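The structure appears below as structure tokens.
Taken together, the values in this text are just the output of simple stated rules run on the coordinates, not laboratory data. Note that the structure is a prediction, hence the values are computed from the model and not measured. Note that each Cβ is placed from the backbone with ideal geometry, even for glycine, and that neighbours are counted across all protein chains shown.
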């Protein structure tokens, strides 16, 4: 399979009824794709983006395992010996932010 210039990062089973998803680096981000064997016209579906994760993982030389949560809320990168790095997805703010010094939004 030719992925062009997109680096393969990891695969994960999100839905047991579907084929495993795979994650590719696209510029600085990591894009998660779900392959579908039943639809020949559109075989891949983009299901999640991990912002800047492609850039971050490039600096980790001792990585051993890479995975993500089934709801795509975080990705985990495990090193060979001791460390596990967890990267959470940004979530929308539920409240308005105020500048405490000036009292403005």
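Restricting to DSSP H runs of at least four residues, report the calculated mean residue ellipticity at 222 nm for the chain, -39500 (n - 2.57) per run over all residues, nearest 500 deg cm²/dmol.
Result for the chain, helices only: -1500 deg cm²/dmol.
Where does each of 36, 46 land when they are ranked from fewest to most other beta-carbon atoms within 10 angstrom?
46, 36
Figure the gain on full extension for residue 18 and residue 43 (residue separation times 0.36 nm, minus the Cα-Cα span) and round it to one decimal in nm.
Values: separation 25, 0.36 × 25 = 9.00 nm, distance 1.24 nm.
That works out to 7.8 nm of additional length.
Simple spin-label model, 7 Å along Cα-to-Cβ: residue 89 to residue 27 in nm?
1.9 nm
Whole-Å semi-axes of the range 8-88's equivalent ellipsoid, largest first, each the root of 5 times a Cα gyration tensor eigenvalue? Intermediate values should be presented prior to the final figure.
Numbers: eigenvalues 115, 36, 21 Å².
Rounded to whole Å, the semi-axes are 24, 13, 10.
To the nearest 0.05, how large is the calculated FRET efficiency for residue 52 and residue 100 if R₀ is 41 Å and r is the Cβ-Cβ distance?
The pair residue 52/residue 100 has a calculated efficiency of 0.90.
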